[in-house]
Amino acid sequence: MKTFVLLFTLVFTLFSAQIDEFATNMGYLRDYDQALKVAQKENKPLMLVMVGDYCPWCRKFERKTLQREAVALNVNENFIALIVDRNHDKGKYPEGLYAKRIPTVYFIEPKTQSTIFESLGYVKKDEFQETLNEVMTEFKSEKK
C-alpha cells in the first residue's frame, strides 16, 4: 500500500509539472483569479483550457493545436490564456466551469464572467483557429 501511495504521488507530481511546464513555455497562466484580473485590465477574453493529467487527447490538443505557431500567436495576441487541471485544480476555478469531458476550452467575457463559447474535445489547428476568430468577432460585437 505504501508503494502504491508513493507511486501515485510521483505520477501526480510528474503530470502537474507537465502542465506547469506547458503553461510556462506557452505563456499561459495557472491561476484563474490572476488571469481574470489581467483579462479585465487588458480588455481581452479569457481562454480557459481545461485538461486532465491522465488524458491523452489533452496532450494531443496541446501538441498538435495549441503549440502550433499560428494558433499560439493568435492566442497570445488576442486572449489571456489559462490552463487548469480539471481535478487537481478543482476549487481554483469557478464551479460552473467544471467540464464533464476534456479537453474543454471556455472563452469567457472578463467583465461579466459569462461564457462566450465552449469548445469540447480535441480540435485540429485549422478548426481551432476558426473558433478563435469567431470568438473574437463575438467579443468585439458584445463590447459595442
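The values are calculated or read from the model by the stated rules, or taken from the named source; none is laboratory data. Note that the structure is predicted; figures quoted are calculated from it, not measured. A quick note on method: Cβ atoms are made from the backbone with ideal geometry, for glycine too, and the neighbour counts reach across all protein chains shown.
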For this session: Would you be able to say whether some residue in region 50-62 is β-branched (Val, Ile, Thr), at pLDDT 95 or above, in contact with a helix residue (DSSP H, G or I) (Cβ under 7 Å, 6 or more places away or on another chain) and under 21 Å from GLN18 (Cα atoms)?
Result: yes
Exercise. Hey, any hits in region 48-64 for a residue that's among the aliphatic types (A, V, I, L, M) and surrounded by fewer than 19 Cβ atoms within 10 Å (Cβ to Cβ)?
Worked result: no
Problem set entry | Qualifying positions in region 20-38 - within 20 Å of TYR98 (Cα to Cα), outside any loop (DSSP other than H, G, I, E, B) and touching a Phe, Trp or Tyr at 6+ places or on another chain (Cβ under 8 Å) | TYR32
Exercise. Would a scan of region 87-103 turn up a residue that is at pLDDT below 95, under 13 Å from the mean Cα position of the chain (by Cα) and acidic (Asp, Glu)?
Worked result: yes
Seminar exercise, completed: Flagged in region 57-88 as farther than 20 Å from PRO110 by Cα, in contact (Cβ under 8 Å) with a residue 40 or more places away in the chain and outside any helix (DSSP H, G or I), in numbering order, are GLN67, ARG68, ASP85, HIS88
Seminar exercise, completed: Of (1) exposed (fewer than 12 other Cβ atoms within 10 Å of the Cβ); (2) in contact (Cβ under 8 Å) with a residue 40 or more places away in the chain, LYS100 fails just (2)
Exercise. In region 113-144, what count of residues is obtained for those that are under 17 Å from VAL71 (Cα atoms), in a loop (DSSP other than H, G, I, E, B) and either at pLDDT below 95 or of a type in the set (Gly, Ala, Ser) (or both)?
Worked result: 1
